[in-house]
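Peer 1: Submitted below is the structure of interest, expressed as structure tokens.
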Amino acid sequence: MSHHYIQFKDVHFSYSRGPEVLCGIDFRITHGEHVALLGLNGSGKSTLLLQINGLLMPTRGEVVIGDIPVTKKTLRIVRQTVGMVFQNSDDMLFMPTIGEDVGFGPRNMGLPEEEVKRRVDGALDAVGLSGLGDRPAFSLSGGQRRAAAIASVLSMEPDILVLDEPSANLDARARRQLIEILKKFRHTILLATHDTDMALELCQRSLVIEAGKIIGDAPTMSLAVAPESPAVSLFRTSEAPVFNPATN
Ligand SMILES: Nc1ncnc2c1ncn2[C@@H]1O[C@H](COP(=O)(O)OP(=O)(O)OP(=O)(O)O)[C@@H](O)[C@H]1O
Ligand SMILES: [Mg+2]
């Protein structure tokens, strides 16, 4: 499975004729790493994540997922490899019930109904929603809907999980459940977050992005214990929560 890496090679991106939002991004995440993407509002986190499954394409440079360059031709295979939980994860639930939402991807892949059921049951169980498959999304709490969105990605059995601010708006219990779900995921995770304590607990490594450039790439704990480093001092002076290794 070592070929399931994420590599950005000098990736530049601008939204239509606007200024550059990603300005030469280079990094490689190897299989099984759990990595946090940290940065202030508007620094380019979501824009970066959306390049990974080709929802946005670089204006220059290249994104490679496990030896496969992300291009229009490879989108299908890339999206089977990469499961993406969006910043507005409620938008991912559009079927009459969450069971159908979670089964949508596997059904779309043409899997037999028996296998679809196995995956739906497994994914709902993994996120603590067993027995709720017949419920419509609107009848669930915000935390349960986030869990359902994650299940709809896990049912595709991805090798890489990409999540955009997964703990936003969750209460302490739902956040804890989310962390436990993600801890069990044995493959690669890249998650954008402002929740630095969650980053510290889940991710050995963090990338720090500022104005479309990676300005820090280090063990998360080293960011926590060396807050005077240039990459992190920017983060510390913001309104973002401060790393606190003592709470972990
Ligand atoms: N659809 C869009 N069209 C034009 N500009 C956009 C679009 N989406 C984002 N931007 C701009 O791109 C820059 C990076 O935005 P992005 O959403 O990637 O930041 P972010 O780090 O995810 O922020 P947040 O922490 O608020 O989610 C911002 O300047 C933003 O205004
Ligand atoms: Mg964002």
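Peer 1: Checking the conditions here, which among 101, 164, 171 is at pLDDT 95 or above and under 21 Å from residue 199 (Cα atoms)?
Peer 2: Within the list 101, 164, 171, the selection yields 164.
Peer 1: Another question about this same structure. Is there a residue being over 19 Å from residue 168 (Cβ atoms), touching a strand residue (DSSP E or B) at 6+ places or on another chain (Cβ under 7 Å) and within 15 Å of ligand 2 (Cβ to nearest atom) anywhere in the stretch 28-49?
Peer 2: no
Peer 1: Looking at the stretch 163-180, can you tell me whether even one residue there is under 26 Å from residue 104 (Cβ atoms) and in contact with a His (Cβ under 8 Å, 6 or more places away or on another chain)?
Peer 2: Yes: the stretch 163-180 contains one or more residues that are under 26 Å from residue 104 (Cβ atoms) and in contact with a His (Cβ under 8 Å, 6 or more places away or on another chain).
Peer 1: Another question about this same structure. Could you run through the stretch 26-45 and say how many residues are within 15 Å of ligand 1 (Cβ to nearest atom) and either surrounded by 17 or more Cβ atoms within 10 Å (Cβ to Cβ) or β-branched (Val, Ile, Thr) (or both)?
Peer 2: Selection size over the stretch 26-45: 8.
Table: residues versus (1) within 16 Å of ligand 1 (Cβ to nearest atom); (2) surrounded by 19 or more Cβ atoms within 10 Å (Cβ to Cβ).
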position	(1), (2)
162	yes, yes
177	no, no
180	no, no
192	yes, yes
220	no, yes
224	no, yes
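The values are calculated or read from the model by the stated rules, or taken from the named source; none is laboratory data. The model shown is predicted, which means the values in this text are computed figures rather than measured ones. Cβ coordinates were reconstructed from backbone atoms using ideal geometry, including for glycine residues, and neighbour counts include every protein chain displayed.
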